[in-house]
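Q: Please find one structure pasted underneath; my questions will follow.
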Amino acid sequence: MHALFSTCDLCDAHRDALHTDALRVLPPVFRSFGKISRFRGKIATVQCHDDNALVRATLESAGMARVLVVDGAASMKRALLGGNLAALASQNGWAGVLVNGCVRDVHEILQVPIGVLALASMPAPPEKHGKGRVDAVVTIQDVIVRPGEWLYADEDGVIISREQLGLAL
């Protein structure tokens, strides 16, 4: 369990960084689907479109309290994460998953102690061809996100930082 923090307090404490690329705020378009609404971690990325084979492969690895950012190109055609993958992510020590796209099995995901943010829910399953890229620089809702940066998410929103930020209550 992570110490509590507030994205509002972090933005206040690092106000000058908001005017640079050092600290970015994602648009308020993501819904919380996970049991944990406040999470943070170093970022790993997957870029894919309607195909979650690389998402599964990444979540099968040790999470080390990281956050997986999935760039699904905001597609509303297929879910990229469901209950089984959320459970796998939690079991393997991932702090959370942010999907620029859809999830499914919403009731199942809500039972898993992990943070999950996505644009919407969609019952259609993903393709599984392994198309996409891992550890790529991605663009999420017009915000550049790089592997190794830090994601902080809570009820107020999501911020991306080049460096780990001091936590604030």
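The values are calculated or read from the model by the stated rules, or taken from the named source; none is laboratory data. What you see is a predicted model, and the numbers here were worked out from it, not measured in a lab. Cβ: placed from backbone, ideal geometry, glycine included. Neighbour counts: every protein chain shown.
Q: Here is a check on your reading of the model: is Ser121 of a type in the set (Ser, Thr, Tyr), over 25 Å from Gln164 (Cα atoms) and in contact with a helix residue (DSSP H, G or I) (Cβ under 7 Å, 6 or more places away or on another chain)? Let's see the steps before the verdict.
A: Values: of a type in the set (Ser, Thr, Tyr): yes; over 25 Å from Gln164 (Cα atoms): yes; in contact with a helix residue (DSSP H, G or I) (Cβ under 7 Å, 6 or more places away or on another chain): yes.
The answer is yes for Ser121.
Q: Collect the residues in the stretch 93-139 that are of a type in the set (D, E, K, R), more than 15 Å from Lys77 (Cβ to Cβ) and surrounded by fewer than 14 Cβ atoms within 10 Å (Cβ to Cβ), keeping them in residue-number order. Lay out the reasoning, then the answer.
A: Start the filter on the stretch 93-139 by keeping residues that are of a type in the set (D, E, K, R), which leaves 104-105, 108, 127-128, 131, 133, 135.
Narrowing further to those that are more than 15 Å from Lys77 (Cβ to Cβ): 105, 108, 133, 135.
The one that is of a type in the set (D, E, K, R), more than 15 Å from Lys77 (Cβ to Cβ) and surrounded by fewer than 14 Cβ atoms within 10 Å (Cβ to Cβ): Arg133.
Q: Also: Going residue by residue through the stretch 71-83, is there one that turns out to be of a type outside the set (Ser, Thr, Tyr), within 17 Å of Ile36 (Cβ to Cβ) and either assigned to a strand (DSSP E or B) or free of Cβ contacts under 8 Å to residues at least 12 places away in the same chain (or both)?
A: Within the stretch 71-83, one or more residues are of a type outside the set (Ser, Thr, Tyr), within 17 Å of Ile36 (Cβ to Cβ) and either assigned to a strand (DSSP E or B) or free of Cβ contacts under 8 Å to residues at least 12 places away in the same chain (or both).
Q: Identify all residues within the stretch 92-143 that are within 20 Å of Phe39 (Cα to Cα), within 15 Å of the chain's Cα centre (by Cα) and polar (S, T, N, Q); write none if there are none.
A: Those that are within 20 Å of Phe39 (Cα to Cα), within 15 Å of the chain's Cα centre (by Cα) and polar (S, T, N, Q): Asn100, Gln141.
Q: Can you find even one residue in the stretch 46-68 that is without any contact (Cβ under 8 Å) to a residue 40 or more places away in the chain, under 14 Å from the mean Cα position of the chain (by Cα), buried (at least 18 other Cβ atoms within 10 Å of the Cβ) and assigned to a loop (DSSP other than H, G, I, E, B)?
A: yes
Q: Which of (1) of a type in the set (Lys, Arg); (2) surrounded by 14 or more Cβ atoms within 10 Å (Cβ to Cβ); (3) under 16 Å from Leu117 (Cα atoms) does Arg31 not meet, given it meets every other one?
A: (2)
Q: For the stretch 19-45, which residues satisfy the criterion of being assigned to a strand (DSSP E or B), of a type in the set (A, V, I, L, M, F, W, C) and either modelled with pLDDT under 95 or farther than 14 Å from Val97 by Cα (or both)?
A: Leu23, Val25
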